[in-house]
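The values are calculated or read from the model by the stated rules, or taken from the named source; none is laboratory data. The structure presented is a predicted model; accordingly, all values stated were derived computationally and were not measured. We place every Cβ from the backbone using ideal geometry, glycine too, and count neighbours over all the protein chains shown.
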Amino acid sequence: MKRSIKIFTLGIVALMTIFVLAACNSESGGKGGAVSVGIVLPTKDEPRWVQDEERFKAALDDSEYTTEILFSQGSSAKEKENVDTLISKGIEVLIIAPHDGAAAGAAVEAAKKEGITVIAYDRLITDTDAVDYYVTFDSVAVGEAQGQYLIDNASGSGVPLYLYAGAASDNNAFLFFEGAWKVLQPKIADGTFVIANSSEAEKLKDKSELTRDEMSAILGQVTTNWDPSESKNKAETHLTAVSDDLKGDVAILAPNDGTARAIADVFSSDPAISSFVVTGQDAEKASIQYIIDGKQTMTVFKDVRTLVTDAMGMAIEVLEGNTPETTGSYNNGEVDVKAKQTDVIVVNKENVKSELIDSGYYEADEFTGLE
Ligand code: BGC
């Protein structure tokens, strides 16, 4: 899925928008009664999506529109059921982060038939024309930041590089990998890194831009399915398979925080690994503690408050009969979906306090050993 144009969102503009919209909202008196906005999130089992739920709840405290949040628990069938439930409650706008981007087509097509406006949230819904808008972080930039971090922290040449990726059913997994590959590939080609755990990636090491099929071949070997236990098993298998010359000081591309912690735990228990740099994303609390403790190297902070503000801002515009403002588009394999995109921030031990505590995202007393 090619990102058609690069787009930027300024937090301040987003915040101003929501204040203006909130004012319009109270003037209109809201709708009350039936549910106006339905929100469907992929799973409660990953802290990332619990963060989104909490931030939605905080943002909705003062809203006069009625909303309901449902979780799909990693099942497309449950997701469809959730959407059907919300349709029967009379929603006018559906905000949905799909479990599986292609399988969610049926659910949003059912919503569309009822005249409901569909907003894809964080994850794009693919191969359907039933998506009106997409609010997202700059996912290619997430991968670029992870890859660049590994480059900036590698010394010498021949550094073993362990690649891991997200679930192939999630379009974002491709965007993250695309971004990471873009920056890492020249450093693989020039011998800075040696790929340790993917013969498919090894075969493609001289290609700077990969097709979706080529990425699928690599993901087929190194996917974590966004699952910490699958990540752990894969990391154990990889470390068992390699010889000691692919150990020592190593670099690990882990796609998000949940997988990073599982993989880091495996690498830190192998005596032949002297040190490792491991990436992540989401700024999950458990990973912030890992970063403070020196057990995970970095995370990519995606300020969920902004995404929630953008999604709710869009929903309210629709409810008020206006056309939401967008800044670009993403092709989903079927249509160009109008999108609003937010930037991301790299966080490591050095800036964890300024980015996450001083910004009010988390409280200092949620962590130990914070300087
Ligand atoms: C999200 C990440 C998340 C991952 C696993 C991706 O689509 O963008 O923030 O870590 O899914 O849930």
*asked:* Suppose we keep only residues that are of a type in the set (D, E, K, R) and within 17 Å of residue 51 (Cα to Cα) within the range 326-371. Which one would you say is surrounded by the most Cβ atoms within 10 Å (Cβ to Cβ)?
replied: 355
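May I ask you to say which residue of 301, 276, 267 is among the aromatic types (Phe, Trp, Tyr) and within 25 Å of residue 120 (Cβ to Cβ)?
Details: 276 fails: within 25 Å of residue 120 (Cβ to Cβ); 267 fails: within 25 Å of residue 120 (Cβ to Cβ).
On inspection, the qualifying residue turns out to be 301.
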*Sort out which residues of the range 289-314 are of a type in the set (A, V, I, L, M) and closer than 18 Å to residue 54 by Cα, and write them in order of number.*
304, 307, 308, 311, 312
*If you check residue 33 against the conditions, is it at pLDDT 95 or above, in the same structural domain as residue 319 (by TED's automatic domain parsing) and either crowded, with 18+ Cβ neighbours inside 10 Å or out of contact with any Cys (no Cβ under 8 Å at 6 or more places or on another chain) (or both)?*
no
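So which strands (runs of 3 or more DSSP E) stay within the range 107-185 end to end and still have 2 or more residues that are within 13 Å of the ligand (Cβ to nearest atom)?
Passing ranges, in order: 117-121, 133-137.
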*Looking at (1) surrounded by fewer than 20 Cβ atoms within 10 Å (Cβ to Cβ); (2) in contact (Cβ under 8 Å) with a residue 12 or more places away in the chain; (3) out of contact with any strand residue (DSSP E or B) (no Cβ under 9 Å at 6 or more places or on another chain), can you tell me which one residue 185 breaks?*
(1)
*Answer with yes or no whether residue 126 is in contact (Cβ under 8 Å) with a residue 40 or more places away in the chain, not assigned by TED's automatic domain parsing to the domain that holds residue 200 and not aromatic (Phe, Trp, Tyr).*
yes
*Scan (1) surrounded by fewer than 21 Cβ atoms within 10 Å (Cβ to Cβ); (2) touching a residue at least 12 places away in the same chain (Cβ under 8 Å); (3) in the same structural domain as residue 249 (by TED's automatic domain parsing) for the single condition residue 163 breaks and write down its number.*
(1)
*Test for residue 225: is it within 16 Å of the ligand (Cβ to nearest atom), over 30 Å from residue 354 (Cα atoms) and in contact (Cβ under 8 Å) with a residue 24 or more places away in the chain*: yes
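Can you tell me which residues in the range 208-231 are outside any helix (DSSP H, G or I) and surrounded by 13 or more Cβ atoms within 10 Å (Cβ to Cβ)?
If we filter the range 208-231 for residues that are outside any helix (DSSP H, G or I), which is where we start, we get 208-211, 223-227.
Listed by number, the residues that qualify are 210, 223, 224, 225, 226, 227.
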*asked:* Please count how many residues of the range 44-86 are more than 13 Å from the ligand (Cβ to nearest atom), of a type in the set (Gly, Ala, Ser) and not in a helix (DSSP H, G or I).
replied: 2
*Of the residues 292, 288, 316, which single one is outside the structural domain of residue 262 (by TED's automatic domain parsing), touching a Leu at 6+ places or on another chain (Cβ under 9 Å) and among the aliphatic types (A, V, I, L, M)?*
316
*Do we find a residue being away from the ligand (no atom under 16 Å from the Cβ), free of Cβ contacts under 8 Å to residues at least 60 places away in the same chain and more than 21 Å from residue 45 (Cα to Cα) anywhere in the range 287-302?*
yes
*Residue check, residue 192 against (1) more than 22 Å from residue 347 (Cβ to Cβ); (2) of a type in the set (Val, Ile, Thr); (3) within 16 Å of the ligand (Cβ to nearest atom), all met but one. Which one?*
(3)
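For (1) surrounded by fewer than 18 Cβ atoms within 10 Å (Cβ to Cβ); (2) over 17 Å from the mean Cα position of the chain (by Cα), each residue gets a yes or a no:
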site	(1), (2)
277	no, yes
286	yes, no
293	yes, yes
301	no, no
311	no, no
320	yes, yes
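For (1) under 22 Å from the mean Cα position of the chain (by Cα); (2) modelled with pLDDT under 95; (3) not assigned by TED's automatic domain parsing to the domain that holds residue 225, each residue gets a yes or a no:
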position	(1), (2), (3)
20	no, yes, yes
39	yes, no, yes
42	yes, no, yes
52	yes, no, yes
58	yes, yes, yes
78	yes, no, yes
86	no, no, yes
